[in-house]
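The block underneath contains the structure these notes are about, expressed in structure tokens.
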Amino acid sequence: MRRFFAPKKSFRDGLVTLSEDESHHLRDVLRLGVGDDVHIYDGEGREFAACVTSVHKHKATLRIGDEVPPSSPESPLALTLAAALLKGDKFDLVVQKAAELGVTKLVPLYSVRCAVRKTDISNRMVRWHRIAQASTRQSGRAQNMKIADPEGLREFLEVCDPESTILFSERDGRRLPQDFAGKKMTALVGPEGGWDDAELEFAKSLGLKIVTLGGRVVRAETAAIAVTAILLHRFGDIN
């Protein structure tokens, strides 16, 4: 079933009007028209059957039907992925795959070896939200992945719960714990070149778990995707 996103505030009197981007996807990409049946989700976990009632150049309107189960339920593990910002479009891939796999919240991080300027972020944030929305629709989720404003590593670590936070590093770490009783977890993945020594020492001083995965050195974007998949397999619903 074709799926579309509209925020909860767009639902009114049994109808919902799609945004210009979603309307374009309905009309020009999928070639749908009046009378076609679709699904609409609100980004907060609810999904509904719907029928297209009008299609115009910049908007489409749907009549809302019964609530239906989302194609892909949310994981029992609410995973926050805090990943160091990467150059070019590499972080776009992290955003896309994190949303597809089931990350609840993504936090872009500035670190010592981060080569991204703060002045470049505003336009990238707009693009990341679009990428995440498209991935949510494609993956069958009805809950949008939240994307936080970028922040510094130290400031982020200072408010983390050390019992539910794991910092992944290519060195100075131990094996991934076999058990985790909580429903929320935060995973940190470093930049190209890895974490700075002072950053690792600061994390250790706060009591955070430092974990190393195997002996191979992988790209930062690969590490973020692999860590997400591993955690949601071991402690979530990927099996």
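None of the figures in this text is laboratory data; all of them are computed from the coordinates on show. Bear in mind that the values here come from a model prediction, so they are computed numbers and not experimental data. Counting neighbours? That spans all protein chains shown, and the Cβs are built from the backbone with ideal geometry, glycine included.
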Quick one, which of (i) 31; (ii) 47; (iii) 40 is the actual percent of Cα pairs over 27 Å apart calculated for this model?
(iii)
Within the set K9/K59; K9/K146; K97/K146; K105/K184; K97/K209; K184/K209, which residue pairs have Cα atoms separated by over 19 Å?
K97/K209
E47's amide H: which non-local residues (gap 5+, or another chain) put their own amide H closer than 5 Å, with H modeled 1.01 Å from N in plane and none for Pro or chain starts?
V68
Spatial separation of Cα centroids for region 33-69 and region 115-165, in angstrom
27 Å
Taking placed amide H atoms and a strict 5 Å upper bound, the residues 5 or more places from L15 or on another chain that come that close are I64
Please report the antiparallel percentage of the DSSP beta bridges confined to region 1-156, to the nearest 5.
60 percent
Evaluate the relative contact order of the chain (contact order divided by residue number), counting alpha-carbon pairs under 8 angstrom at least 6 apart; express in whole percent.
20 percent
Could you work out the helix-only [θ] at 222 nm for the chain, with each DSSP H run of four or more residues adding -39,500 (n - 2.57) and the total divided by the number of residues, to the nearest 500 deg cm²/dmol?
-8500 deg cm²/dmol
For region 146-215, what are the per-bin percents of Cα-Cα distances with bins 10 Å wide, up to the bin holding the maximum?
18, 55, 26, 1
Within a Cβ distance under 13 Å of R171, other residues only, what is the Lys/Arg minus Asp/Glu net charge?
-3
Shape of region 3-68, Cα gyration tensor, a/c cut at 1.5:
prolate
At q = 0.12, 0.14, 0.15, 0.26 1/Å the base-10 log of I(q)/I(0) from the Debye formula over the alpha-carbon atoms of region 68-152 is -0.34, -0.46, -0.52, -1.31
What is the sum of charges around A187, taking Lys and Arg as +1, Asp and Glu as -1, for the other residues whose C-beta is under 12 Å from the C-beta of A187?
+4
5 Å-binned pair-distance histogram of region 1-139 (Cα, whole percent):
2, 9, 18, 19, 16, 13, 11, 7, 4, 1, 0
How many nm is it between the label spots at V218 and D197, if each spot is 7 Å from the Cα in line with the beta carbon?
2.8 nm
